[in-house]
Amino acid sequence: MIAHAPQVCSPTQPESNQSDSGQSLRAVVTPQCLLVLDFRGLGLERWLVLELAQQLASHTNSLPFEFRALEAILQHRVNALQSRLNEVHPVILDTLESLVDPKLLSADRTKLHILLQNSKSLSELETDIRVFKDSMLKILDEEEIMEELCLTKWTDPRVFEESSLGIDHAEEMELLLENYYMQAEELGNDTRELKGLIDDSESVIFINLDSHRNVMMRLNLQLTMGTFSLSLFGLMGVAFGMNLESSFEEDPRVFWLVTGFMFLGSGLIWRRLLSFLGRHLEPSFPPPIPPVWKRNLKTPDAKTGLR
Amino acid sequence: MIAHAPQVCSPTQPESNQSDSGQSLRAVVTPQCLLVLDFRGLGLERWLVLELAQQLASHTNSLPFEFRALEAILQHRVNALQSRLNEVHPVILDTLESLVDPKLLSADRTKLHILLQNSKSLSELETDIRVFKDSMLKILDEEEIMEELCLTKWTDPRVFEESSLGIDHAEEMELLLENYYMQAEELGNDTRELKGLIDDSESVIFINLDSHRNVMMRLNLQLTMGTFSLSLFGLMGVAFGMNLESSFEEDPRVFWLVTGFMFLGSGLIWRRLLSFLGRHLEPSFPPPIPPVWKRNLKTPDAKTGLR
Amino acid sequence: MIAHAPQVCSPTQPESNQSDSGQSLRAVVTPQCLLVLDFRGLGLERWLVLELAQQLASHTNSLPFEFRALEAILQHRVNALQSRLNEVHPVILDTLESLVDPKLLSADRTKLHILLQNSKSLSELETDIRVFKDSMLKILDEEEIMEELCLTKWTDPRVFEESSLGIDHAEEMELLLENYYMQAEELGNDTRELKGLIDDSESVIFINLDSHRNVMMRLNLQLTMGTFSLSLFGLMGVAFGMNLESSFEEDPRVFWLVTGFMFLGSGLIWRRLLSFLGRHLEPSFPPPIPPVWKRNLKTPDAKTGLR
Amino acid sequence: MIAHAPQVCSPTQPESNQSDSGQSLRAVVTPQCLLVLDFRGLGLERWLVLELAQQLASHTNSLPFEFRALEAILQHRVNALQSRLNEVHPVILDTLESLVDPKLLSADRTKLHILLQNSKSLSELETDIRVFKDSMLKILDEEEIMEELCLTKWTDPRVFEESSLGIDHAEEMELLLENYYMQAEELGNDTRELKGLIDDSESVIFINLDSHRNVMMRLNLQLTMGTFSLSLFGLMGVAFGMNLESSFEEDPRVFWLVTGFMFLGSGLIWRRLLSFLGRHLEPSFPPPIPPVWKRNLKTPDAKTGLR
Amino acid sequence: MIAHAPQVCSPTQPESNQSDSGQSLRAVVTPQCLLVLDFRGLGLERWLVLELAQQLASHTNSLPFEFRALEAILQHRVNALQSRLNEVHPVILDTLESLVDPKLLSADRTKLHILLQNSKSLSELETDIRVFKDSMLKILDEEEIMEELCLTKWTDPRVFEESSLGIDHAEEMELLLENYYMQAEELGNDTRELKGLIDDSESVIFINLDSHRNVMMRLNLQLTMGTFSLSLFGLMGVAFGMNLESSFEEDPRVFWLVTGFMFLGSGLIWRRLLSFLGRHLEPSFPPPIPPVWKRNLKTPDAKTGLR
């Protein structure tokens, strides 16, 4: 029975075989030992040598060996995913926070590059989490694979005795796998929320940039109005500057009259234009819609009680 | 039988164990008491001490104890989700309403920050609601878990008597869970609608900002046209202002001629440019498409009747 | 048997219990009468009093009473959804049509507000349709609920006689429900198409506004070029206008020379700048890609025939 | 047996009953004839009269009559969908190609209108294809409906003889329906790709318009810089043009000095501003990120082999 | 038994029959030979002649013939998809990298065209991968088709002997198909990530273009402010340039006074305007929100352990 364990273990390979950004592990679990057939990835090697051996040797946990081996591998897998998320999460939050900052007129391009790279890592992480979840789900959905994963079931009476809690080994295995499935699910939720946050922030960045532009454009327009009025009345000065006879040359009051008219006139025209701009941009009639919008939330009280 | 109730209760943990923005509860329900194993979160503590005890002590409801305990926990859970939605909903509506306001030239950045934070809370809430719904659905899908949740079924004849309405306890439990599932479903619908409203409003904000910009740009362009015509005819004045001999110096009518030409000319050129702009922006041919668009809605009358 | 009908009817409540923008109905159907337990909503009241009674009283339809009652309720429900869509649909089409109009330089903000409100109503309607469809689907998926809905099956021999078409009552009920399910499905399709149309139109509005802005910007740039050339050559006139001795003062030809040079020069420079702009914006090399794109549609002829 | 065929055929109605942009067909198939109960749509009428009769009369195909009738109807349905796609596809490709053209400064609004209309048709087509696929799938999923569709199975020994290929009639029917299901699937794929292409093109159009705007804005900024420097040094000329005594009036070299200073000064300042702009827009430090990005694709060789 | 193999093989056709950008293959597999019925596509022809024959002739692999034939076809299919992805992937990465480059003021339009074409190829590839996966999944889901695919099961005792590993042929076939399904799944994941990367990059390109525009607009605004102040004080010079008597003509200090006032005044006004702009764009109050945002990631430690 023990001899044919390696074949039985083939279903365990899918879940420890995903390419986790270059990492992969292919192992055979027997009731006595864990044969690592093939692995790739630097972090994985160190983990195998330094941590896994100790973890499997310690008998603090009274579960059968294959449970502990599987748990160690799954735990390492989830931890790897979690640590990748932990790496990416604060960087993205920091970058978004500095990009969303309303004081900035233009987005910092190096920050944008960092954001782009991290959202690339994030979508790779999302794919890996989904692949992990799918392979877990596939095992959870087929009862027989679950049965086959419990190798020590019949052979070791000591184990059966310990399981006198009322749960047999297939259920124990299901709870073990479900536990890691739910951890992966939670990681997936965090990833999705982070993606949503990036999208929302990008909208806010766009609105910020557009708002800045509108504000600058209004200032620009106001100055263009000023320049226009100065040009208009400056034309009068230019006219009097021509070497042509206007018959006013000798009257000293005309100088002050024309000069005053030029400055006052351009000032008045400017003011006129500014107030026109103000009226143009703000339609006077109030939008009659807001009261309709604020529909109150349905109160939850009306629905409680067991029918 | 009562002794092994704690094991039976393990399936109830998933639904009271979600991390609800820091809150979590792990409890064991027996037919006689509710053992709270572990909990986290401030609001939860106050609720456990102040409200849950009273609610469970009052015997207004004739259902078995574990029903009432489960109902109290689920009710508290749904209420917590609902109150988080109630908190976020009016803030988002207010913020959107002030951002969408067509009178504003630029979006208020503090409002944007508030919106961003609240849409972050909203997506966290959405995740929690989905997790809650998923764990409810998982229990609802497996008949046997439902059976196990009804602890008092066989032990208490008084209970059986009360259930003479024709519904056995598993169905009663199903209705109880379904009730809360549907409340969560409704919360999820409200959340999704709110998200959709945020998206739609952002499009409207963008169109508003773009419209404002176009209006300002047209004004700017019109003034630039004016400045251009003034510069063009001002050049004439500058020419006559040169200290060069033009042979017109002595004729007093030339001054008025040239001055009038300058002002009239720039006015005419400006008007020309403005009408050119008007024609340029508004293509004269009418778009021949509208009539096709207004296809009437199919009338529902033709489809009624039970064949 | 008739006595326990009220319990049997509890499964019918889900589908008549949805909050339809404030409307809700909770009723019990027996083979002889329809007990309205609870309802909310103004339109609903009028419908109950004025139409439902007459509809149920008329015996034109030979089906059992509970069929007719259920059909009347479902029909009213679908009609309500349809009439809400009919209300929203033409408004949205009109608003979009006037917003998409390429002649407009800026989007009308009141139209935007109307659009925003209506797309809010539309997504509420979408939610209600989905809820209706889900509850119908739930009943359709469970054979036993369908069985229980047919109350008169065994009791009334007259009814059995009429059903001699070869379809028993459960199938009749299934066809009835499926009919309304498909009507709701069609409403859902219309709603989704309308949402897609709003999205597409918003893209077109953005492209329109951007196009207008580009056109205005080019005009602005062309005028700025003109103003620049006038300033450049006007500087020459200003130079000769200085009260400094240029030794050309006495030569009458110099006036015309310099004036002509000023006007001609600025004209030439402007033309030069305009043609530079033209070349700058339109890259001369033709994009060599189009021929690849126009891959012909696969002809359907090659695939027909029953193998 | 033949007498009750019409009832049996009711399941065939769903698939020939969809409103195909106004077309609908309701028919009853018996082993001997095809009764068209109701139809709507112009193209449908011509098809029924001219083509369907001939197609059914010709006995080239040795399959039972109801197979040929069903095949003719489904074939016509798929052809109608395909021809609608064929109509919309080249128009959309042409319109997109002319809109995406990088030489254009602004999007042609009539093209936009055409695009909007066609993408509306496209989403209607998508809905119709999905409805067709759903109804096919519904029949394919239920074995018994499939059985009932084969009317001649037991009655006609000649038919049974022909089916000696090893496939019974239910399988034959399944292959027939699956064939059309897969054709509809392919149409659906084409439609989705076309929608994706529209979305991608819209992004490219936006980037194009934005790029054009940036280029124009840089030109505008460069000219504004020129105008600014001319104004700055023109002020000097204006100062010397004042009728005030500057004590330089008599020196003929001052004229050339000041004039040269004005032109050279504005030229130098302009050059300075332009190089400032160049440095401002192009940050000197190279982005250190690209090498990380170009991660090679995983080579497929390492994964082949049947383990 | 062998005689009826051709019929049995019909289920293998769906997976080798997809139109792979013009390629299609229709073949019948018997235990002794592979009959290629029909094929299309240039690359396919060369592969059939040059590689497939050799691959099938070599007996390195001890599996039955139909396994090797199926594996060769599937392998070629997956390789074709992979090579299409390998072709498109680096081009898209290169194009995106050069488009995302923050130094560029405007997007290179030829790059945009290349990107558009490649994303079109990418979505076609995505469709083909999905179709391949669907047809694999369809076979994997139906046990009986799998059984029928194993032709040599009963006939050849030599084969049965070799399969003494404990896996029967249906399982072997399942592993074979699953292997290729998972390879296609991975291709699909890569495709989706690439699509996501294109979307993210487009957002970054838009933000980049917008940022550039804002920076240029601020520069433009600053220069417009300068031009405005020069015009304002130039008006004074123009006033003194008029041929009117101002009674200051004889005082030599007035020239320097007015000239100095003009230059200093415009400088001061400009500085004033610039500082106003600075204050206008940067609201002084610090946004009080950031600390709330940086919620720490939940630590994974608290959740480990087998309950």
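General observations
- Here each label is just a point 7 Å from Cα along the line to Cβ, and for B:GLU193 and C:GLU97 those points are 2.9 nm apart.
- Protein accessible surface hidden between B and C, which excludes ligands and nucleic acids, total in Å², probe 1.4 Å: 6600
- With a 10 Å cut-off around each Cβ of A:272-279, the average count of Cβ atoms from other chains is 1.
- Ranked by the mean number of other Cβ atoms within 10 Å of their residues, highest first, the peptides B:271-280, E:196-205 come out as E:196-205, B:271-280.
- Cross-link pairs D:LYS103/E:LYS103; C:LYS103/D:LYS195; A:LYS195/D:LYS195; B:LYS195/C:LYS195 - those with Cα-Cα distance over 19 Å: D:LYS103/E:LYS103; C:LYS103/D:LYS195; A:LYS195/D:LYS195
- Pseudo-label separations to other copies for D:GLY265 - Cα-to-Cβ vector, 7 Å, nm: 1.8, 1.8, 2.8, 2.9
- For the C-to-A rotation axis, chain C residue with nearest beta carbon and its distance in angstrom: C:GLY241, 4
- Rounded percent of accessible protein surface that carbon and sulfur make up, region A:179-241, 1.4 Å probe: 56
- For region B:244-279, GluC sites (Glu not before Pro) meeting the loop criterion (DSSP other than H, G, I, E, B) and having at most 15 other Cβ atoms within 10 Å: B:GLU249, B:GLU250.
- Pseudo-label separations to other copies for A:LEU137 - Cα-to-Cβ vector, 7 Å, nm: 1.0, 1.0, 1.6, 1.6
- Number of partner chain Cβ atoms within 10 Å, mean per residue of D:111-122: 5
- Mean per-residue shielding of peptide A:258-268 is 2, counting Cβ atoms of other chains within 10 Å of each Cβ.
- Ascending list, in nanometres, of distances separating the B:GLU245 label from those of the other copies (7 Å, Cα toward Cβ): 1.7, 1.7, 2.7, 2.7
The values are calculated or read from the model by the stated rules, or taken from the named source; none is laboratory data. Fair warning: this is a prediction, and the values are worked out from it, not measured in the lab. No Cβ is skipped: glycine too gets one built from the backbone with ideal geometry, and neighbour counts run over all protein chains shown. We work out accessible area using only protein heavy atoms, side chains counted, and drop any ligands, DNA or RNA first. Shrake-Rupley method; radii C 1.70, N 1.55, O 1.52, S 1.80 Å.
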